[in-house]
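Take a look at the structure set out below.
The values are calculated or read from the model by the stated rules, or taken from the named source; none is laboratory data. Quick caveat: nothing in here was measured; it's all calculated off a predicted structure. Methodologically, a virtual Cβ is constructed for each residue, glycine included, from the backbone with ideal geometry; neighbour enumeration extends over all protein chains shown. Areas reflect the complete protein model, heavy atoms only, side chains present, ligands, DNA and RNA absent. Shrake-Rupley method; radii C 1.70, N 1.55, O 1.52, S 1.80 Å.
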Amino acid sequence: MSILGNRVLRREDPKFLTTGGVYGDDLPGVGALWATFVRSTMAHARIVALDAGGALDRPGVVAVYTAADLDLPPVPAGMPGIPESMFRPVLAQDVVRFVGEPVAVVLTEERYQGEDAAEAVFVDYEPLPTVVDPETALAGGTLLFPDHGTNVATDFREPLDEHFFDDCEVVVRQRVINQRVAPCPLEVRSGMASWGADGRLTQWLSTQAPHSAKDALAGLFALAADQVRVIAPDVGGGFGAKIGPYPEDLVVAWSARAQGRPVRWTETRSESMLGLVHGRGQIQDIAIGGNRDGQVLAYRIDVLQDAGAYPAVGAYLPMLTKLMAPGTYAIPKVSASACAVVTNTTSIGAYRGAGRPEATAAIERAMDLFAAEIGADPAQVRRQNLVSKDFFPYTTATGFTYDIGDYMGALDLALEASDYAGLRAEQARRRAEGGPCQMGIGVSTYVEITNGLPDAGEFAVVEVLPTGTARVYTGSSPHGQGHVTAWSMLASEQLGIPMEDIEVVANDTDLVASGGGTMGSRSLQAGGLAVHEASMTLVDEARQLAAELLEANPDDVVLDKIEGRFHVAGTPAVARSWAEVASAAEERGGLRVEHKSSPSGPTFPFGAHVAVVEVDTETGQARLRRLVAVDDAGTILNPLLAEGQRHGGLAQGVAQALLEEVRYDADGNPVTSNLADYAMISATELPSFELVSMATPTPVNALGAKGIGESGTIGSTPAVQSAVVDAVAHLGVRHIDMPASPQRVWQVLQDSASHKGSE
Amino acid sequence: MIPAAFDYRRAQSVDEAVGLLTEHGEDAKLLAGGHSLLPLMKLRLAAPSVLVDIGRLSDLSYVRANGDTVAIGALTRHRDLEISSVLHEHVPLLAHVAGQVGDPQVRHRGTIGGSLAHGDPASDLPAACLALGATFTMVGPQGEREIEAADFFQGFLETALGPDEVLTEIRVPKADGAGWSFQKFNRRAQDWAIVGVAAVAGSRPGIGLVNMGSVPLRATAVEAALAAGASASEAAAHAADGLDPPEDLNASPEYRRHLVRVLVRRALEEAGAA
Ligand SMILES: Cc1cc2nc3c(=O)[nH]c(=O)nc-3n(C[C@H](O)[C@H](O)[C@H](O)COP(=O)(O)OP(=O)(O)OC[C@H]3O[C@@H](n4cnc5c(N)ncnc54)[C@H](O)[C@@H]3O)c2cc1C
């Protein structure tokens, strides 16, 4: 019987539930200095004077460094095409471009001394005009990088043919704000750097991708690759925001070298809200056209991406938004245009979904607006326009080829599980009664891309030791997902070695030769696949050796996976155990297979969500009552792990729809930089999710697996937003931007009432 | 998020606390549950040079029925109010309001005395005490004095407490059987109120408002309307009269004025106050 597909409990949990993890801040760090950063209090200003003198006299202060001390080049944006003049200096040089930008670092013996000393570093700022709003940035009146001549960081603009909508009976247009949000991993950034006497750097980072961090550090310090070791201790979440090393990490490494002592840092939550990248941040102008019978004929989206002060991954997200623009629908004509601009705000990076939630939110809003315009049921209009399951692999109007899908099937499951017809009946009844508390139903369908990076493969080593136990080395970078459980299931399935006898090694570049890390929902289909394939190869090699030991023909030798022994088919009494085979292999270099997977392409998970929301029309408060989610990630390795990913994703998706938004005032001062002001969602704002299973295996990899890390976020946001609008649609409302805060909903209702009154 | 340096003194009695306050003057601050003071210190918005910890004065933690009133020690934690059988019997509003403060962690640390002494207009317990017509006892170098809740809150985070005084007891008239309601409007369960309304009906009706001005407020215009025989919705229409509510991330003054009218109406209806 196969272990795959079972609800195997997480092997990781006993540790986390008893002794707890060891995060960056828990490292012993004997003899390490603490780094505290002096951060810009201005959104845009010239540094006229910077005087560390006052800090140097403070207790415990060992050194204060500024950009003038650092001989480090600016950090490359990590993405092609971003102009060098927009690269980010490691510490602010002459000009600060967002509140929170590190200006200097203070090194102290004790951590608390750093806060006092940082206050004593004197920075004289001469304010420059501030650009917070992307449209203002696009207009270019004030430039963040005058040398570049424009605030546009990346440009994927395409003109719209003036006849684009000519054959449509109905065209609906809407501006949609996909607001800036903060990833808020529970563990903030933290780490330590230590240089050996041999000039080798060891750096502990709270990261999702140790190997690329290692490459970046080696590049920066002009070291050979083997002169850098990066270790990710337990990492308390990343959500895309911990992919690259941050400037602070580089300063910590540089300072450790300058001091000849280890240097460590852990940011505060308030720092994290400014220093960790933000997500989303798009202004979208959408237009959808079609016939009154419900057929959609043309769709156009214009994206203006806020890249933040220093363009990085965020400047590329609109590329993905463009490519995923048509979503699950077979729309004959799709046109997408985008560009990214810099503003005096925290940089935008990848955040759970990264570019795809924005695409889904836009097309789903468009579908709702179109349905409302022609007076049709939104579920029906969707059904009418979905790509049929007979057309896969399906190449979209924007040029992606979706591997496999059954969007109608997903929608039907979601509608059935939610009793859509019953919900509509209840809604009609409540509207007729006219009470203050109205009900809204939101439907979304989605398709997204996972493992979409150019290098789709991942590295793994599987070995069996003379003790008969196994070890799996993975280039994936576990930070909460349950890789140890998943990878030992995969190896155990092939090797017939019990899971508890399989050790999983990750997150240390000295122990694992290479790795792509964990992001973009790629782990199982890339890293898991590598473990699966390496394990199969290992069994083959072991069979050869067992055949020699058994003096039999390799073709006749089989692995008894229950006993974990090799024998000639039909004669199980004479067998060789894994321990015996591995011992025999020792003189030949051991039983060990090194492998990099090469999946033939990305996968396109899909699904459908139905949200039920109640809106108090007197106060504007929207509360989520139900969330039904169909998320098809192909073959499920472990439902428990998959559900965990869905739960987290759904919660973060709902959060964007109802609660979360990073805000700045007109001068670029952040006004949501703690968790009292930034309304991060909690369990009390969420109903129990209703998860519906659907599994359409992908042909792209042998596991049939697609990504599941981001699906929940992508599908739930538009479903919940749509439900809020639907709850007050009978009062004349067509659109409400996110987050649907009470004040915003109330304001929309006020506007709609006064609009009606003036008609 | 690390406070500036300070000295720490633990008081063994109210008298010792008063003595320490007198000795150190304006530089000293009492520390009770620390759940208002410590956040301010961590953000370096407050930097007292001496903290006088009264958090372990267990003889100031009690809830006792006493004739027509219930007496509450200033060091009583929110959680102890929430589960107090004396309050559930005689002043259920107060137990309920205490149960709506923050999250369980906050409720196990924060004290009613600290909440009142801090005088934050966004706090829940001050509004409840206003609605209930509570009386506060304070001890200073000159001895003990009493003050009505209605006279206690004097400006933004400013109360009648002198820098060398300790709030020791809160006395609340029993409201057995009187209708009551607490409408706390917030976005997340653990959040502060965007607007809140505490209402008691019965022989001593009262309505307290959360976050509708620079101090915790009594809805005097509503109370007057009710006394003049107005219905719940007529009276609630006056809820924002003369008020100048704050503007913040969650609400404009205009929205707060709207909310308070809705919430007062709901509170009056639930309490059966009209
Ligand atoms: C995350 C969080 C959420 C919260 N949410 C809410 C909420 O929803 N609603 C709400 O009402 N409150 C909320 N609070 C505040 C909480 O109720 C505090 O406990 C309370 O406001 C202060 O009580 P304390 O005992 O902690 O006082 P402290 O912080 O110790 O002291 C506060 C002030 O009062 C003074 N003081 C304290 N005790 C006395 C005394 N006996 N005599 C004279 N002066 C004294 C102190 O010197 C200080 O100036 C929240 C707090 C946190 C941290």
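Points worth noting:
- Filter pass, B:LEU130 being out of contact with any Gly (no Cβ under 9 Å at 6 or more places or on another chain), outside the structural domain of B:VAL200 (by TED's automatic domain parsing), more than 8 Å from the ligand (Cβ to nearest atom) and part of a helix (DSSP H, G or I): no
- Selection within the stretch A:637-655 - within 13 Å of chain B (Cβ to nearest Cβ) and not small (Gly, Ala, Ser): A:VAL654
- Residue selection: B:PRO92 fails the criterion of being within 14 Å of another protein chain (Cβ to nearest Cβ), more than 8 Å from the ligand (Cβ to nearest atom) and farther than 24 Å from B:LEU157 by Cβ.
- Residues that are assigned to a helix (DSSP H, G or I) and of a type in the set (A, V, I, L, M, F, W, C) were ranked within the stretch A:224-257; the one that is farthest from A:PRO102 (Cα to Cα) is A:ALA225.
- Under the condition of being in a strand (DSSP E or B) and buried (at least 17 other Cβ atoms within 10 Å of the Cβ), the residues counted in the stretch A:387-406 number 2.
- Considering the stretch B:20-30, the residues that are without any contact (Cβ under 8 Å) to a residue 40 or more places away in the chain and open to solvent by 20 Å² or more (accessible area, probe 1.4 Å) include one that is nearest to the ligand (Cβ to nearest atom), namely B:LYS29.
- If the condition is being in a helix (DSSP H, G or I) and within 10 Å of chain B (Cβ to nearest Cβ), then the stretch A:656-691 contributes A:LEU658, A:ALA683, A:THR684, A:GLU685.
- Checking each residue in the stretch B:75-89 for being within 9 Å of the ligand (Cβ to nearest atom) and open to solvent by 20 Å² or more (accessible area, probe 1.4 Å) picks out only B:ARG77.
- Matching residues, the stretch A:559-588, being of a type in the set (Phe, Trp, Tyr) and farther than 11 Å from A:ILE497 by Cβ: A:PHE566
- Tally, over the stretch A:734-759, of residues that are surrounded by fewer than 22 Cβ atoms within 10 Å (Cβ to Cβ) and more than 14 Å from every other protein chain (Cβ to nearest Cβ): 9
- Qualifying residue in the stretch B:222-245 (condition: within 14 Å of another protein chain (Cβ to nearest Cβ), in contact with a Pro (Cβ under 7 Å, 6 or more places away or on another chain), buried (at least 21 other Cβ atoms within 10 Å of the Cβ) and closer than 14 Å to A:THR619 by Cβ): no
- Listed conditions (1) crowded, with 24+ Cβ neighbours inside 10 Å; (2) under 21 Å from the mean Cα position of the chain (by Cα) are all met by A:VAL252, apart from (2).
- Condition met for B:ALA219 (touching a strand residue (DSSP E or B) at 6+ places or on another chain (Cβ under 8 Å), within 14 Å of chain A (Cβ to nearest Cβ), more than 17 Å from B:VAL97 (Cα to Cα) and open to solvent by less than 10 Å² (accessible area, probe 1.4 Å)): no
- Which listed residue, of A:THR696, A:THR717, A:THR713, is among the polar types (S, T, N, Q) and either within 14 Å of another protein chain (Cβ to nearest Cβ) or assigned to a loop (DSSP other than H, G, I, E, B) (or both): A:THR696
Each row is one residue, and each column tells you yes or no for (1) among the hydrophobic types (A, V, I, L, M, F, W, C); (2) more than 26 Å from the chain's Cα centre (by Cα); (3) farther than 19 Å from A:LEU274 by Cα; (4) away from chain B (no Cβ under 14 Å).
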site: A:ASP57; (1), (2), (3), (4): no, yes, yes, yes
site: A:ALA77; (1), (2), (3), (4): yes, no, no, yes
site: A:PRO83; (1), (2), (3), (4): no, no, yes, yes
site: A:ASP94; (1), (2), (3), (4): no, yes, yes, yes
site: A:TYR112; (1), (2), (3), (4): no, yes, yes, no
site: A:ALA139; (1), (2), (3), (4): yes, yes, yes, yes
site: A:PRO146; (1), (2), (3), (4): no, yes, yes, yes
site: A:GLY149; (1), (2), (3), (4): no, yes, yes, yes
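- Verdict on A:VAL172 being among the aliphatic types (A, V, I, L, M), under 22 Å from the mean Cα position of the chain (by Cα), modelled with pLDDT of 95 or more and not in a loop (DSSP other than H, G, I, E, B): no
- Screening the stretch B:246-256 for residues that are part of a helix (DSSP H, G or I) and over 17 Å from B:GLY208 (Cβ atoms) and picking the one that is farthest from the other protein chains (Cβ to nearest Cβ) gives B:PRO253.
- The number of residues in the stretch A:212-241 being under 21 Å from the mean Cα position of the chain (by Cα) and closer than 17 Å to A:VAL75 by Cα comes to 5.
- For the stretch B:37-74, a residue qualifies if it is within 13 Å of the ligand (Cβ to nearest atom) and touching a Gly at 6+ places or on another chain (Cβ under 6 Å), and the qualifying residues are B:LEU60, B:SER61, B:ALA74.
- Yes/no for A:ASP69 being farther than 30 Å from A:ASN669 by Cβ and either surrounded by 13 or more Cβ atoms within 10 Å (Cβ to Cβ) or touching an Asp or Glu at 6+ places or on another chain (Cβ under 7 Å) (or both): no
- B:SER36 being within 14 Å of another protein chain (Cβ to nearest Cβ), in contact (Cβ under 8 Å) with a residue 12 or more places away in the chain and hydroxyl-bearing (Ser, Thr, Tyr): yes
- Given (1) assigned by TED's automatic domain parsing to the domain that holds A:THR266; (2) modelled with pLDDT of 95 or more; (3) over 26 Å from A:ARG261 (Cβ atoms); (4) of a type in the set (Val, Ile, Thr), number of the condition A:THR136 does not satisfy: (1)
- The residues in the stretch B:98-114 that are among the hydrophobic types (A, V, I, L, M, F, W, C) and more than 8 Å from the ligand (Cβ to nearest atom) can be counted, and the count is 1.
- Residue within the stretch B:196-203 that is within 14 Å of chain A (Cβ to nearest Cβ) and either within 19 Å of B:VAL70 (Cα to Cα) or at pLDDT 95 or above (or both) present: yes
- Qualifying residue in the stretch A:74-85 (condition: in the same structural domain as A:ASP249 (by TED's automatic domain parsing) and open to solvent by less than 20 Å² (accessible area, probe 1.4 Å)): yes
- Close pairs (7 angstrom Cβ cut-off, 6 or more residues apart or separate chains): within 14 Å of another protein chain (Cβ to nearest Cβ) and open to solvent by 40 Å² or more (accessible area, probe 1.4 Å) in the stretch B:99-119, more than 6 Å from the ligand (Cβ to nearest atom) and part of a loop (DSSP other than H, G, I, E, B) anywhere: B:ASP103/B:GLN190
- Complete set of residues in the stretch B:1-18 that are in contact with a Ser or Thr (Cβ under 8 Å, 6 or more places away or on another chain), more than 14 Å from every other protein chain (Cβ to nearest Cβ) and closer than 13 Å to B:PRO48 by Cα: B:ASP7
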